[in-house]
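Written out below as structure tokens is the structure these notes cover.
The values are calculated or read from the model by the stated rules, or taken from the named source; none is laboratory data. Since the model is a prediction, treat every value here as computed from it, not as a measurement. When we count neighbours, we look across all protein chains shown, and the Cβ atoms used for this are built from the backbone with ideal geometry, even at glycine.
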Amino acid sequence: MLLKHTTDEIKERNALSVNPAKTCQPIGAMYAALGIHGCLPHSHGSQGCYAYHRSALTRHYKEPVIAATSAFTEGASVFGGQANLLQSIDNIFTVYNPAVIAVHTTCLSETIGDDLPQIINKARTEGKIPEGKYVIHTNTPSYVGSHVTGFSNMTRAMVDYFSEYNGSKNKIVNLIPGFVEPSDMEEMKRLAAAMGIKTIMFPDTSKVLNGPMTGKYKMFPDGGVTIEELKMTGSSIGTIALGPFASGAAAKALDVKCKVRCEILDLPIGLHATDAFIDQLRCMANVNVPDSINFERGQMLDIIADMHQYFYGKRVGLVGDPDQILALAKFLVSIDMQPVYMVTGTPAGKKFEQDLREITAEVPGEVKIKVPGDMFLFHQWIKNEPVDLLIGNTYVKYIARDEDIPFIRHGFPILDRVGHSYFPTVGYRGGMRLLEKILNALLDRKDRDATDIEFELVM
Amino acid sequence: MALPEENNKFEPDEYNPEEMKEEMLLQYPPKVARKRAKQIVINKFGSDGEVGDISPNVRTVPGLIGQRGCCYAGCKGVVLGPTRDIINITHGPIGCGFYSWLTRRNQTDASTTPDNHNFMTYCFSTDMQDEQIIFGGEKKLALAIQEAYDNFHPKAIAVFSTCPVGLIGDDIHTVCRNMKEKLGINVFGFSCEGYKGVSQSAGHHIANNGIFTHVVGTDDTEHDGKYKINLLGEYNIGGDAFEIERIFNKCGITQVSSFSGNSSIDKFANAHVADLNLIMCHRSINYVAEMMETKYGLPWIKINFIGANATAKSLRKIAQYFGDEELIAKVEEVIAEEMPAVKQSIEEVRPRTEGKRAMLFVGGSRAHHYQELFAELGMKTLSAGYEFAHRDDYEGRRVLPDIKVDADSRNIEELDVKPDPLKYNPRKSEAEIAKLAEAGLKMSEYEGMMPDMDSGSMVIDDISQRESELLIESFKPDIYCAGIKEKYTVQKNGIPMKQLHSYDYGGPYAGFKGAVNFYNEIDRMVNSKIWKYLKAPWQAHPELAAAYASD
């Protein structure tokens, strides 16, 4: 047993987090910053922060993840990190020459209260930021929120620093994709393009963190939203933000700053959430939905109809980030599966928990939800009453193995499989992939557990 | 010590280290260039074999993009992480605990301790919130320790401070002391805030101090078994420690404890009853060995089980120390038994690896140790450097008296250790130690990496991303070794990259069987055909085919 000290006896805990279902803000900010073309993310803290974040992102993507650090020592922690950041900015533009440095703070620099706008301003007046180059920042104290909050904050910083209204509206829709995979971002753009809609996606990590093997390393890969595009977001006809927790803040900030109306939707995971996304695109851009998209939708529905018997009534445990959990729960309910246990480590609030309750109101039996919760509690629920399927990040595999439960990897981080960066789970095609994954997990188990007599050829 | 030999001089075509160094420095602002110049050294030997000096263990230049982690990573992640039966609570925001959760591949076998405890698959954190940053986190920490006890009933709990803890002034040591008294189990803390020191290295030292102060020497149980040793600085990545234990068992050597691969806190407590400390990773663990020698009279020698020849040599050193004919004979017997399989593998692989060129930038000992394995494959180490080592790891311990203690190192406590009035027992007399030295076995000696490297090879401390890119572009090594952060950056250039922290999820590479695993792995990597697929047919032959032209 891998988690042999976990028992079914649940004791109240108010201080100790065991097997967390979240990590800290800065890694989300780093991931978002990688979605700007020519950007070098910068961690304003000690070296350990950026080393850990780069390592975690690298393991998840199996791609180069580049970032810099202010490399705080004890002295910097006492006297402030200004000297370090100024030196860092100077060195980065001299040696690596990015288009933009995106600085995020850490618990260290937040606790000592470094004033980032003041330091960046000083760098500019001292001529450390070359003409046409940018340094942007966001505050990401690790002791508030989670990695999702960090992503949200850096995405919002893109609006705060760059978005501007140039006097007339362009027929362009802004897409804020949420803390999703590069493959998902690509798929959202593909769907919009299929409808003939011009979009600006920010951040956009496609072609950054799912790049090709070419024999030539590019420190700043082809992908990412450009500064020019970010400036133009203020003149778009509207913004669609996918996932309120990761994308809502930036969309609202853009509305306030440049009067770009926004619609905040669920992540387009599953049939209905994708319907809502497509429908919103249609209304905002005033276009018709092409047959090619109707066809994809029909294919997805076809799988649901053909294989409904295998989904029906299956109990599912979900661990992940709030935007993902919410969309997945709706999707599972829509195909008559039963999300009975749901945990996110992100402090997503009472309203979020209430939404999950409403989504699962028709699910028979007790539905357990903990916001914020951890995987230790989640595992204890399973010890008390098992489920048929687990969906979560790689750490869930320890529970899956101990309890012998089929398991699908979804979310962050996935450290032991590839695919997530190349194949989406959003949109109708992504939905088909998700359905395939669910079916494979359930039917492989059925095959494994069937007696010789019951073993089926056709399923 | 390797003396300068003409035939050791390394001069492949197009390899001009001086030019390369100049190119590396040219890209930096002058102040940075001056600093880096002292960390990029072309290896050369003086008249009595001494190597040129290098300035490691200094602050990383902000903005340069390097490999280093922090003090917490060295303390909780590296040294204490592999101990399975301590509940390690990270006191801080959630990130640090999360990132150090199972990511270092320390294997462990809980069936070897009677209680079967294994908490390494768990992550424990106080998940500090802004409320604690403002009002202090001591209460939450005390409650977290209580909850850990109530839920898991461990025999020990350790607490690790992250950056904000030191800044807000939580006194974790008092909390630990109080909880120790209350719960009746060992509870101890490490002030290993990430900003301390200049790299992971500070954390190693703090971990050594803590484990020595709170655990070592608390259990005096004597064991049966001959030739009692402790294995220090071996972390059982990919099962290395299991292979080393297999060899020890075969030789009849009794391993009392391991710091800290496949380890149990009970074994730390009892470590002082051994008769010899063996140091594998000098950088991360030499402090414990030094302190055990002072307090208990337990001497140490440097050994290396990476490389078949190095393994054989290390076993002979152990036998020589104990000086027992039976052990000397047994060690020779084991080497004779194990070597044929190794030789057979080398004979098979070496024709395909001979003359290939490697670069190693990793850790505080691996960049040195793994050169042994490459040498056994007939491969040259073109350039190497450590991530967080000190001068003694590069140039040997003879430079220790010359090392200036700077502000960053001074902040790491040096324990004042004295001989234990009851337990101090020098295992060898001074005369015996002198006699062993005369016969070639020097106690407390590590000669460092540079004396083992060829003249003309490049030694680069705390290498930066840009320097690494320049090396790769210009010298096109056949293999490059570092860690996960460098892995895909290197491979995008079409150069195979071997992770020497995680072993790319392979291993073991220690001992005799590990050596064979490594030979096969390197053969696979440097001779792989996949790097020849970079060009599509139409890129290789772009001429238009006219045969199918339409109207």
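Look at region B:67-106 and say how many of its residues are more than 11 Å from chain A (Cβ to nearest Cβ) and under 30 Å from A:Gly28 (Cα atoms).
Summing the residues that are more than 11 Å from chain A (Cβ to nearest Cβ) and under 30 Å from A:Gly28 (Cα atoms) in region B:67-106 gives 8.
Determine whether A:Asn84 is touching a Leu at 6+ places or on another chain (Cβ under 9 Å), crowded, with 24+ Cβ neighbours inside 10 Å, within 7 Å of chain B (Cβ to nearest Cβ) and modelled with pLDDT of 95 or more.
no
Could you please tell me which pairs satisfy a Cβ distance under 6 Å, a separation of 6+ or placement on different chains, a first residue in region B:230-241 that is closer than 9 Å to B:Arg105 by Cβ, and a second residue that is at pLDDT 95 or above and among the acidic types (Asp, Glu)?
Pairs found: none.
Across region A:440-459, what is the number of residues that are of a type in the set (S, T, N, Q) and either in contact with a Leu (Cβ under 6 Å, 6 or more places away or on another chain) or farther than 25 Å from A:Arg409 by Cβ (or both)?
Going through region A:440-459 one residue at a time, the tally reaches 1.
Can you tell me how many residues within region B:346-364 are of a type in the set (Val, Ile, Thr) and under 11 Å from B:Asn527 (Cβ atoms)?
Of the residues in region B:346-364, 2 are of a type in the set (Val, Ile, Thr) and under 11 Å from B:Asn527 (Cβ atoms).
Residues being out of contact with any Leu (no Cβ under 7 Å at 6 or more places or on another chain), in a strand (DSSP E or B) and among the hydrophobic types (A, V, I, L, M, F, W, C): count how many of those fall in region B:240-275.
1
Of everything in region A:82-98, what is in a helix (DSSP H, G or I) and either closer than 20 Å to B:Gly166 by Cα or touching a residue at least 24 places away in the same chain (Cβ under 8 Å) (or both)? Give them in sequence order.
A:Gln82, A:Asn84, A:Leu85, A:Leu86, A:Ser88, A:Ile89, A:Asp90, A:Ile92, A:Phe93
Just name the residue that is nearest to the chain's Cα centre (by Cα) out of those in region A:267-292 that are of a type outside the set (A, V, I, L, M, F, W, C) and buried (at least 23 other Cβ atoms within 10 Å of the Cβ).
This residue is A:Pro268.
Quick check on region B:116-140: of everything there that is more than 8 Å from chain A (Cβ to nearest Cβ) and touching an Asp or Glu at 6+ places or on another chain (Cβ under 7 Å), which residue is farthest from B:Val159 (Cα to Cα)?
Looking at residues that are more than 8 Å from chain A (Cβ to nearest Cβ) and touching an Asp or Glu at 6+ places or on another chain (Cβ under 7 Å), I get B:Gly136.
Out of all the residues in region A:60-81, is one or more in a helix (DSSP H, G or I), under 23 Å from the mean Cα position of the chain (by Cα), facing another protein chain (nearest Cβ under 8 Å) and surrounded by fewer than 24 Cβ atoms within 10 Å (Cβ to Cβ)?
So far as region A:60-81 goes, no, none of its residues is in a helix (DSSP H, G or I), under 23 Å from the mean Cα position of the chain (by Cα), facing another protein chain (nearest Cβ under 8 Å) and surrounded by fewer than 24 Cβ atoms within 10 Å (Cβ to Cβ).
Here are some conditions: (1) at the interface with another protein chain (Cβ under 7 Å from one of its Cβ atoms); (2) touching a Gly at 6+ places or on another chain (Cβ under 8 Å). B:Glu147 meets all but one. Which one does it not meet?
(2)
Taking interchain pairs and intrachain pairs at least six residues apart, which have beta carbon atoms under 6 angstrom, with the first residue in region A:359-375 and under 14 Å from A:Ala329 (Cα atoms) and the second of a type in the set (Asp, Glu) and modelled with pLDDT of 95 or more?
Between residues of region A:359-375 that are under 14 Å from A:Ala329 (Cα atoms) and residues that are of a type in the set (Asp, Glu) and modelled with pLDDT of 95 or more, the close pairs are A:Ile369/A:Glu353.
So which of B:Gly323, B:Gly239, B:Gly261 ends up being within 21 Å of the chain's Cα centre (by Cα) and either at positive phi or not assigned by TED's automatic domain parsing to the domain that holds B:Ser429 (or both)?
B:Gly239
Where residues in region A:6-21 are free of Cβ contacts under 8 Å to residues at least 40 places away in the same chain and in contact with a Ser or Thr (Cβ under 9 Å, 6 or more places away or on another chain), which of them is farthest from A:Glu385 (Cα to Cα)?
Only one residue fits best here, namely A:Ala15.
Considering each of B:Thr311, B:Thr254, B:Thr294 in turn, give the residue that is among the hydroxyl-bearing types (Ser, Thr, Tyr) and surrounded by 24 or more Cβ atoms within 10 Å (Cβ to Cβ).
B:Thr311
State the number of residues belonging to region B:28-49 that are away from chain A (no Cβ under 14 Å) and touching a Lys or Arg at 6+ places or on another chain (Cβ under 8 Å).
3
Just one of (1) touching a Lys or Arg at 6+ places or on another chain (Cβ under 6 Å); (2) more than 7 Å from every other protein chain (Cβ to nearest Cβ) trips up A:Gln47, so point out which.
(2)
Going by the structure shown, is B:Glu486 more than 18 Å from the chain's Cα centre (by Cα), under 24 Å from B:Arg283 (Cβ atoms) and assigned to a helix (DSSP H, G or I)?
no
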